[in-house]
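Written out below as structure tokens is the structure these notes cover.
A short reminder: the numbers here are calculations on the coordinates, not readings from a lab. Since the structure is predicted, the reported quantities are computational estimates derived from the model, not experimental observations. Glycine gets a Cβ as well: all are built from the backbone with ideal geometry, and neighbour counts include every protein chain shown.
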Amino acid sequence: MAPSHVLRCCQRVLAWIPVIFIALVVCWSYYAYVVELCVFTIPNTGEQIVYLIIFHLSFIMFVWSYWKTIFTKPANPSKEFCLPKADKEQYEKEERPESQQEILKRVAKDLPLYTRTGTGAIRYCDRCQVIKPDRCHHCSACDMCVLKMDHHCPWVNNCVGFSNYKYFILFLAYSMVYCVFIAATVLQYFIKFWTLCRRKSAENCPKNQLPDTHAKFHVLFLFFVAAMFFISILSLFSYHLWLVGKNRSTIEAFRAPVFRNGPDKNGFSLGFSKNIAQVFGDQKKFWLLPVYTSLGDGHTFPTRLVNIDPEQPTVDLQPSIKSTIDGPANPRPLSESQNRLLGNDQHYAEDNLDRDAIKTEGDQTVTVTMESES
Ligand SMILES: [Zn+2]
Ligand SMILES: [Zn+2]
């Protein structure tokens, strides 16, 4: 076995460590809550039943959405974004970037593309040998191009992108619900254990105190761990809700997608409610379930060029855009307007925030791997 292959295998195994860590913490929290708190500590049967029912509901939703985030494969560009064989051979033979761009432009003419690189070129991944659809980026951790890539998350050992973004948001939401419920119900027993009496039997202790049993350790830690996770997830969850409302990915929040008129951070924003529907679907009854309901195919996205966001100031829409479309009331379908965008050779200045930008997610550091697009 080649050393590089062994190294790659080791990396793949090690990448599961954060997931295993989370899984172990969740298993322990289940045991500590159900057995040590509900069975051994809470004396009232009614309280036990109510706590156990709500706990299991939040536990199931949390594990379900976490599972779906981890095991939903990232979506890749379809075959029509690959260069035909003859063009690919020609592209590889060409050494001049201008000639390579001509080949890409010829192929991209029939593809629904709105965005370009910072220099106005067609976005192409040399590693996957594919023309990148709008919002698609290459992830070096997964070694593939991922549709509407948001970021590569080590806590789920998976790319968060078009195929699992809804699951990821729900995973954050249900982990917060799980932590809040645990912390809120454990609090009174946490206080009682602080003021515990040194006797082993409950009958000999005053009413507001609990005996010094092994449950003490679990209940005290349960509160600390739940509160700590809640605080660290809160900022990340709020940030992603904000991104959903703006219809931006984490990558796009760092580097605005480049359209015909240059970079536009609100380029994919369609208005708050439509932005939410893009991720969660248009049927509200499925919003809270980790089942697939996101709109679109991940390759093409409605843009402000053809769908005016009523909540964004229209001053951003330069006259050149207005000349390409009939107006907000009469948006053209994607395929009609794409060729005009592709025919534009104008070059745009852009910050080259390209390689391996690091983003901190609350208290957790997450690598957002981005390819060079200069
Ligand atoms: Zn790629
Ligand atoms: Zn990835």
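Some observations on this one:
- Here segment 1-122 is treated as a sphere whose radius is the Kirkwood value from Cα pairs; by Stokes-Einstein at 4 °C and 1.567 mPa s it diffuses with a coefficient of 63 µm²/s.
- R0 of 35 Å, Cβ-Cβ distance Ala141-Phe217: FRET efficiency to nearest 0.05: 0.40
- The phi-based Karplus calculation (6.51 cos²θ - 1.76 cosθ + 1.60; θ = phi - 60°) puts the 3J(HN,Hα) values of segment 62-69 at 5, 5, 4, 5, 5, 4, 5, 5 Hz, whole numbers, x for Gly and Pro.
- Gain upon complete extension [Ile60, Leu241; 0.36 nm per residue less C-alpha separation]: 62.9 nm
- Pairs from the table (Lys68/Lys246; Lys148/Lys285; Lys192/Lys285; Lys246/Lys285) lying more than 31 angstrom apart at Cα are Lys192/Lys285.
- Rounded if a/c under 1.5, otherwise prolate or oblate - segment 232-287, Cα gyration tensor axes: oblate
- Annotation: amide H of Ala121 has no partner in the under-5 Å range at sequence separation 5 or more or interchain, hydrogens built in the peptide plane.
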